[in-house]
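These notes concern the structure reproduced below.
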Amino acid sequence: MKIVVATEKPFAAEAVQKIKQVIDNAGFEFLLLEKYTDKSQLLDAVKEANAIIIRSDIIDAEVLDAAKNLKIVVRAGAGYDNVNLEAATAHNVVVMNTPGQNSNAVAELALAMMVYSARNFFDGSSGSELSGKKLGIHAYGNVGRNVARIAKGFGMEIYAYDAFYPVEAIEKDGVKALASAEELYLTCQYVSLHIPATAETKNSINYALLEKMPKKAVLINTARQEVINEAELVKIMEDRPDFKYLTDVTPKNDAEMKEKFPKRYFSTPKKMGAQTSEANNNAGIAAANQIVDFFKTGNTKFQVNR
Ligand SMILES: NC(=O)c1ccc[n+]([C@@H]2O[C@H](COP(=O)([O-])OP(=O)(O)OC[C@H]3O[C@@H](n4cnc5c(N)ncnc54)[C@H](O)[C@@H]3O)[C@@H](O)[C@H]2O)c1
């Protein structure tokens, strides 16, 4: 069984070693393609692959056509919008992600951004504290639940809205479940976004929703760029000088935001929510284990193209 790790942006060396170990222990063959600069290298590397582990690498119909023996692709991470699921299904290829493996890393970054905002972007002036402030968690999934856990330590008052996650499960964590996004934005000074980008959520964070937020509103986005209505975000920040936006997913209008709102807008230079050695290790090892399990027992628990 040939398992190809194909990563244009490589895993940390330690994670690669650990992935290799899992694959070696299973008696499978480990092949590595890192930092490729041309798609032809990927097409070549997957020719004989039975399984591929990827990060943000694009798996489209052309790659699937080239990989004649392919049975499974695992995206080491949560989002899998870089894989053409329909084409994979048409090729009889199982696609999986590794949910939850990088959630703590992303959640820590979300809290770090809240502190950064409360302390006026570390500019030396007197700031405020998170303790006692209301935090709204928009989507109570793997990342959202970790945000709640950490925010409790900061002494925040925590609210959440999730369209599908059961209210009782939210409240069991000591978090107040609200019935709508509108209610969440009305209630909370801090809102942290953890929704996926879907047909329903794209562009859904708009003026009507954001204007509901209380004074000194802070919106944190470690989710996806597409969920924000960027033109309307600019408008609310123009209309409300108290409104701050901090993001790990660079907007298309980054330059405009930086110029217009230098003290109220922050974006990481590059998406870094999951960029920790721990998250790298966790997601990479989980991907390798899921592949071994798939071939040895047929386990498809984390399949996303059913
Ligand atoms: N910044 C980063 O590096 C980074 C890393 C990992 C994940 N992410 C992003 O963070 C987000 C959350 O990831 P996760 O691992 O927690 O995902 P998850 O699948 O565990 O959780 C998503 C939650 O969103 C809820 N949801 C779906 N549609 C909704 C809607 N319309 N309204 C309200 N809730 C809705 C689901 O019920 C689920 O509980 C995703 O957008 C993911 O792509 C970013």
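The values are calculated or read from the model by the stated rules, or taken from the named source; none is laboratory data. As the structure is a prediction and not an experimental result, all values here were calculated from the model. Cβ atoms come from the backbone with ideal geometry, glycine included; neighbour counts cover every protein chain shown. Ligands, DNA and RNA are stripped out before the accessible areas are found, and what is left, the full protein with its side chains, is counted by its heavy atoms. Shrake-Rupley method; radii C 1.70, N 1.55, O 1.52, S 1.80 Å.
A few comments on the model shown:
- Crossing angle, helix 103-118 versus the chain [Cα axis fit, 0-90 degrees, rounded to tens]: 30 degrees
- By the rule of a C-alpha distance below 16 Å, with chain neighbours fewer than 8 residues away ignored, the aspartates and glutamates paired with K260 are E230, E232, E238, D239, D242.
- Evaluated over the chain, the Cα radius of gyration and Dmax, each in Å: 20.8, 62
- To put it simply, the accessible area of the chain at a 1.4 Å probe is 50 percent carbon and sulfur.
- Dividing the summed -39500 (n - 2.57) terms of all DSSP H runs of n ≥ 4 by the residue count of the chain sets its mean residue ellipticity at 222 nm at -11000 deg cm²/dmol.
- Separation of alpha-carbon centers, the stretch 128-149 and the stretch 209-270, rounded to whole Å: 18 Å
- Segments 169-182, 204-217 sorted - mean Cβ within 10 Å per residue, highest first: 204-217, 169-182
- Radius 12 Å from Cβ of A105, net charge of other residues (Lys, Arg +1; Asp, Glu -1): -2
- Accessible area per residue in Å² at 1.4 Å probe, computed on the stretch 105-253: 44 Å²
- Taking all protein chains as shown and a probe of 1.4 angstrom, V249 keeps an accessible surface of around 10 Å².
- Segments 116-129, 187-200 sorted - mean Cβ within 10 Å per residue, highest first: 187-200, 116-129
- Helix axis angle, 277-297 relative to the chain longest principal axis, alpha carbon, degrees: 40 degrees
- Rh by Kirkwood over Cα pairs, then Stokes-Einstein D for the stretch 234-306 at 0.692 mPa s and 37 °C, µm²/s: 209 µm²/s
- Separation of alpha-carbon centers, the stretch 281-302 and the stretch 164-198, rounded to whole Å: 31 Å
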